[in-house]
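Heads up, the thing below is written out as structure tokens.
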Amino acid sequence: MLAVGLMSGTSLDGVDAALVEITGVSEETKVQLKQFTTVPFSAAQKAQIAAQLANATSSVEVLCSLDFALGHAFGNAVLAVCQAAGVPSASLGFVASHGQTLYHLPDPPTGETRSTLQLGNAAIIAELTHTTVVSDFRSRDMAVGGQGAPIVPYSEYVLYRSPAHTRILQNIGGIGNATIIKQNAQLEDLFAFDTGPGNMVIDELCRHFFHTEYDDGGKHGAAGTVNQAVLQELLKHPYFAEQPPKTTGREVFGQQYTEGLLARYHLAPNDWIATATALTAQTIADAIKPFAPAGTQLIVGGGGSYNPTLLAMLAQAAPGVEVLTQEQLGFRSDAKEAIAMTILGNQTLHHLPSNVPSATGASRPVILGSITYYA
């Protein structure tokens, strides 16, 4: 059947929509990408979302409104990808929507509760698209003691397990996350965790110095020089010493983190971006090293896979590991996580679990997501 997966990540670029043909279930699941599009957030939408990410600028009224506004944005992304493919949205088997993460508290402060919040109202999506919507994938894992992240390892096991290689799936979005799939792995062998900042610090620096959203083609990083002294200080952040399973987000490595760095250290703009790029590369290399025997393939996806400076630094930081992109395996880096949502949604509709307790720390496998039917 046809399905659409929706993803909007920590980079706040917009809504990724992947139209796929999906057949089978569990390990027999097969997906074929039919159409992919990204519907960018407008400047006003992005500013409104960004304001709600910080306690000082968020409000209950705007959060309430934003949930429904993002529902419209996600629903319209479904309509856009279906229109591009010449497919009526009502003919879809389902839509699987990750939503927009506003806050994630796997380890909350005293007095608060472990929780996660993704906005993008499923009822609005269902009404716009005239089809069933599966949403809110992270909450169920957290209800059984998991961190609610990383959420995509099950899909990676289905699509990428190999009898010949250990494969590490490294997504570099706003945050970097790795899924380790050892040679001939079984599902219970999977191991996944957030490596630390992906593009998040780089993007913040680009906005600060150049008023651009990201380092297009890695040109600023390539033009700068890594400040090794500052890099070594950044590598002392306690998150990098934590043992998996672990997860992080904008609350740790977002705008406030970057502003703190700018206040403490004084580098030329391109040197800052080169150093932040090296931070991403080195933290990934350090994180995967214990799980990367000879012959390991590191398969990079997400926006960072389009940054050749970052990829070159990563290859240098991880000698002996073959660094590949999704495209080299016949996939699309930018569509990977949206496709993953369809695999999770398919499991949910078949009443089957799709969390990976060895990755999230959950006490048991559970069926993820909530279902909103259109009738």
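The values are calculated or read from the model by the stated rules, or taken from the named source; none is laboratory data. No experiment lies behind these values; they were computed from the predicted model shown. Here the Cβ is made from the backbone with ideal geometry for all residues, glycine too, and neighbour counts use every protein chain on show. The protein model used for the area step is the full one, side chains on, heavy atoms only, and it has no ligands, DNA or RNA in it. Shrake-Rupley method; radii C 1.70, N 1.55, O 1.52, S 1.80 Å.
With a 1.4 Å probe and all protein chains left in place, how much of the accessible area of region 56-112 comes from carbon and sulfur atoms, in whole percent? It would help to have the intermediate numbers written out before the result.
Values: 1540 of 2630 Å².
Result for region 56-112: 59 percent of the exposed heavy-atom area is carbon or sulfur.
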For the chain, modelled as a GNM with alpha-carbon contacts under 10 angstrom, which of Gln347, Gln282, Gln243 fluctuates the most?
Gln243
How big is region 98-181 on each of its three principal axes, counting only the C-alpha atoms and giving the largest first in Å?
44, 43, 25
May I ask you to compute the full-extension gain from His266 to Leu63, defined as 0.36 nm times their residue separation minus their alpha-carbon distance, rounded to one decimal in nm?
69.5 nm
When only Cα pairs under 8 Å and 6 or more residues apart are kept, what is the percent relative contact order across region 113-257?
18
Classify region 154-244 from the C-alpha gyration tensor, please: rounded if a/c falls under 1.5, else prolate or oblate depending on whether a/b exceeds b/c.
prolate
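If you put +1 on each Lys and Arg Cβ and -1 on each Asp and Glu Cβ, how big is the dipole of the chain around its Cα centre, in Debye rounded to 20?
Using only the charged Cβ atoms, the result is roughly 380 debye.
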Using a Gaussian network model on the chain with a 10 Å cutoff between Cα atoms, which of Val230, Val31, Val60 fluctuates the most?
Val60
Evaluate the relative contact order of region 319-375 (contact order divided by residue number), counting alpha-carbon pairs under 8 angstrom at least 6 apart; express in whole percent.
21
So how do 248-254, 259-265, 105-111 stack up, highest first, on mean other-Cβ count within 10 Å?
248-254, 259-265, 105-111
If packing is taken as the average number of other Cβ atoms within 10 Å across a peptide's residues, how do 234-240, 296-302, 68-74, 360-366 rank, most packed first?
296-302, 68-74, 360-366, 234-240
In region 127-168, what percent of the accessible surface is made up of carbon and sulfur (1.4 Å probe, ligands and nucleic acids excluded)?
47
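Given a 1.4 Å probe, how much area per residue of region 197-322 is accessible, in Å²?
Using a 1.4 Å probe on heavy atoms only, each residue of region 197-322 averages 45 Å².
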Only helices at least 30 Å long along their axis, Cα-based, and averaging 1.0 or more on Kyte-Doolittle count here, so list those DSSP H runs from the chain.
60-85
What ranking, highest mean first, results for peptides 200-212, 12-24 when packing means the other Cβ atoms within 10 Å averaged over each residue?
12-24, 200-212
So in the chain, what percent of DSSP beta bridges are antiparallel if you round to the nearest 5?
70
Percentage relative contact order, region 63-145, counting C-alpha pairs under 8 Å, at least six apart:
39
Let me see the P(r) profile for region 200-308: every Cα-Cα distance counted, bins of 10 Å, each bin given as a percent of all pairs.
13, 45, 34, 8, 0
Find the centroid of the Cα atoms in region 109-160 and in region 35-96, then give the distance between the two in whole Å.
15
Region 44-158 shape via C-alpha gyration tensor axes, a/c threshold 1.5
oblate
Give me P(r) over the chain, computed from all C-alpha to C-alpha distances, binned every 20 Å, as integer percentages.
30, 61, 9, 0
Sorted from largest down, give the three principal axis spans of the alpha carbons of region 163-202, whole angstrom values.
36, 18, 9
Using a 1.4 Å probe on the protein heavy atoms, what percent of the accessible area of region 175-324 belongs to carbon and sulfur?
52
Under a 10 Å cutoff between Cα atoms, tell me which one of Ala51, Ala122, Ala292 has the largest fluctuation in the Gaussian network model of the chain.
Ala51
Please label the shape of region 37-87 as rounded, prolate or oblate, based on the square roots a ≥ b ≥ c of the eigenvalues of the alpha-carbon gyration tensor (a/c under 1.5 means rounded; beyond that, a/b larger than b/c means prolate, else oblate).
prolate
